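What follows is a single structure, written as structure tokens, with notes after it.
The values are calculated or read from the model by the stated rules, or taken from the named source; none is laboratory data. On a predicted model such as this, the values are computed, not experimentally measured, just so you know. Positions of Cβ are generated from backbone atoms using ideal geometry, with glycine treated the same way; all protein chains shown enter the neighbour counts.
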């Protein structure tokens, strides 16, 4: 009952936030002007729907990663998956693949999966994957990819602006065609993760224990990580790298409904979408006519909140 009430409240907040954010911007819109304006239907609304979609995707992926690896500090950004996807997007831009249908998305997916494989191989010790080694591997790979992207920027001055877009995150150039590509992937991926929620719950206890309860641990890992990497890749292909959403939102959701993924995943999805929408609106409105990169703003907001959560948890120990 509590979870349903929270879901209803979050859906209502989505509707209120969409209406409010639609009126915010350099061109103030209200009343009849709002609903009959091309600015709303062609510019603001698609980027807002994409912000909701990407926020939900990153929050769901962070929740799944934390369950699979039994580590509350794991998310697509820290693990390097987002950076890997951004490298594919940058390469697609430099090679001219962005003019093809799914060109950036497929390239981002390929490098995201490759990054995931490399990190796993580094972190794998015998038949076990240690969380500390996994995180260190993710940080190292992220730094390496960042250096490669910086090198590509230096060597391609004419396309530097577009590359910076992917490294800092922005919804400024989103159109309805982008929403039509990303939203189905995120929606279906979220449904599949919700279907696997019971197995993910058992994996929180431990791989051996889950195996003894009939869970095909390796199969669930492959499906979960493959699907979430797909979601991250398409999210990054639309808006670039955005951090902390997949880290902070699942923690906040757990405070509301606990660790059960059957309740946690929908709350995280709704909360992540709302957080991302508000961040995007603030990014384009705080310093008008200039626009902040939404990835920068999400980190500025997310990092202190995460520190507060850590401090609160420490006090409870």
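Checking residue 12 against (1) within 21 Å of the chain's Cα centre (by Cα); (2) assigned to a helix (DSSP H, G or I), which single condition isn't satisfied?
Answer for residue 12: the failing condition is (1).
Please give the helices (runs of 4 or more DSSP H) falling wholly within region 183-298 in which 1 or more residues are within 20 Å of residue 169 (Cβ to Cβ).
Helices (runs of 4 or more DSSP H) meeting the threshold: 217-239, 245-257, 261-285.
Here are some residues: 241, 215, 186, 182. Which one is surrounded by 20 or more Cβ atoms within 10 Å (Cβ to Cβ) and free of Cβ contacts under 8 Å to residues at least 60 places away in the same chain?
After ruling out the rest, the residue left standing is 215.
With the requirement that a residue be modelled with pLDDT of 85 or more and loosely packed, with under 15 Cβ neighbours inside 10 Å, what does region 132-143 give you?
Matches in region 132-143: 140, 143.
Look through region 118-131, keep the residues that are part of a helix (DSSP H, G or I) and surrounded by 13 or more Cβ atoms within 10 Å (Cβ to Cβ), and return whichever of them is modelled with the highest pLDDT.
Per the criteria, the residue is 118.
Which one of these is in contact (Cβ under 8 Å) with a residue 12 or more places away in the chain, buried (at least 22 other Cβ atoms within 10 Å of the Cβ), closer than 30 Å to residue 45 by Cα and touching a helix residue (DSSP H, G or I) at 6+ places or on another chain (Cβ under 6 Å): 203, 231?
After applying the criteria, what remains is 231.
Give the number of residues within region 76-112 that are in a loop (DSSP other than H, G, I, E, B) and at pLDDT below 80.
Adding up the residues that qualify gives 6.
Right, residue 39: free of Cβ contacts under 8 Å to residues at least 24 places away in the same chain and part of a helix (DSSP H, G or I) or not?
yes
Taking the conditions exactly as written (touching a helix residue (DSSP H, G or I) at 6+ places or on another chain (Cβ under 9 Å) and crowded, with 17+ Cβ neighbours inside 10 Å), does residue 160 satisfy them or not?
Working: touching a helix residue (DSSP H, G or I) at 6+ places or on another chain (Cβ under 9 Å): yes; crowded, with 17+ Cβ neighbours inside 10 Å: no.
In short, no.
What number goes with the only condition from (1) at pLDDT 80 or above; (2) buried (at least 20 other Cβ atoms within 10 Å of the Cβ) that residue 176 does not pass?
The failed condition is (2).
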